[in-house]
Each structure stands twice: as structure tokens, then as C-alpha cells.
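The structure appears below as C-alpha cells.
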Amino acid sequence: MSFGRQRYVHVSVDNFSGAVYASAHTGEKSSDAMKHLIQAFSLLGIPESIKTDNGPTYTSKEFRSFLQQWGVEHKTGIPYSPTEDNFEISDTVWYTGEVGKLNIQPTSTEIQNPEIPIRVKHYPIALEGQKGLKPVVENSVHQEVLESCVSPQNTPILPVKKPDGSYRLVQDLRAVNQRTITHFPGVAKPDTS
């Protein structure tokens, strides 16, 4: 299964709250990073500063100008070294051997029209993908991460083949995201031309 052109995932982590925001884009260019940050700002709020590696995506004139327009200080570090300069992510968010059993306070979100179930028809999954997901689902049930239920809510799942030939289960939550009530007002898109 392919996500089409949007195969690059950009991720932002709020060091204060620990909140994580990820979005799929068509590339790794500055324009893709800026689109991601506009979305992240609308959900997490506009930060005082951000820290990135010093790769070309984040050192371009276009990206620097974008952050100046938003009034966001930009700090860079060595490429692929997010732990430099005391930048730390809480140890509670890292995998410890018990999948799905992080010792952190759950996050709750409100959705618009909660009385109306979110139901999205599942995508057809090829037999190869079904077979590839079977051990993933069985293992998740065994680890008590997944459990059988009957619910009016429904969002599609996708089998994503990894380079080693195994599969990852991905849930398409776009319909949930569309109905989520954010805690921050919408952020206008600045002119990035």
C-alpha cells in the first residue's frame, strides 16, 4: 500500500507539553517544512523558538524568512543530533518493551458533533497485506494493546510494507482530525512566495 505522493513525514515535538504533531508531505524541501509548521502552529500554538538540524531544508533563506514572519527564534544543531544543547525528550515517551503501555497521562480531545459517529469505509486490502498484518494484530492483541470491540466509530487501517518485508499497521485518522476541536485558534497562512 502506498500513500501516493505524500510519503515524507514531518514531526514536531513540543518540549513543554510533550505533545507530538506529525504530518505527511510530498517532500523534504523548505516549503514542505513550512506547510508542516503552519499545521503544527495551528494545533500546538506558535512557539517562542524551534530547534532543527542544520540541513538545507532549515538553513534556506526562505525558511529563515518564514520563521521571522512568525516571530519564532530558530536554533540549529548538528544534523541528525536532536539531543545536543540539553534538548531532551522525556524518557516516558520511549519504548521500554511494553508496547502501548507508556506511563504518561493520556491526552483527551474533543470532537465536533460527538453524537454523530465517525465512520469511514475501509479501503480494500490486498491478500498480501492482510497476511502481513495478521501477526501484527495477533501480537498487539497478545500484548493487550488491541482488544475486540463493537463500536459505531470506524476508521480505516492500512498495511504498510517495511523494507525488511514485514508490515506496519497504520490507522487513517484524517476524518478524526477534521472533527477535532483544537485548543488554539486557526492560524492564517502567511505569504510564503
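The values are calculated or read from the model by the stated rules, or taken from the named source; none is laboratory data. Since the structure is predicted, the reported quantities are computational estimates derived from the model, not experimental observations. For neighbour counting, all protein chains shown are included, and Cβ atoms are generated from backbone atoms with ideal geometry for every residue, glycine included.
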Please list, ordered by first then second residue, the pairs with beta carbon atoms under 8 Å, 6 or more apart or interchain, first in the range 52-73 and assigned by the TED database to the domain that holds Lys29 and under 17 Å from Glu28 (Cβ atoms), second loosely packed, with under 15 Cβ neighbours inside 10 Å and of a type in the set (Gly, Ala, Ser).
-> Asp53/Ser81
Taking the condition in the same structural domain as Val13 (by the TED database), free of Cβ contacts under 8 Å to residues at least 24 places away in the same chain, under 25 Å from Ser17 (Cα atoms) and surrounded by fewer than 17 Cβ atoms within 10 Å (Cβ to Cβ), does Gln39 pass?
-> no
Tell me, yes or no, whether the range 113-123 has at least one residue that is exposed (fewer than 11 other Cβ atoms within 10 Å of the Cβ) and among the acidic types (Asp, Glu).
-> yes
Answer with yes or no whether Arg119 is farther than 30 Å from Tyr58 by Cα, modelled with pLDDT of 90 or more and not polar (S, T, N, Q).
-> yes
Having 3 or more residues that are closer than 30 Å to Gln171 by Cα is the bar; report the helices (runs of 4 or more DSSP H) wholly within the range 24-78 that clear it.
-> 30-44
Residues located in the range 162-176, provided they are within 19 Å of Ala22 (Cβ to Cβ) and assigned to a loop (DSSP other than H, G, I, E, B) = Lys162, Asp172, Leu173
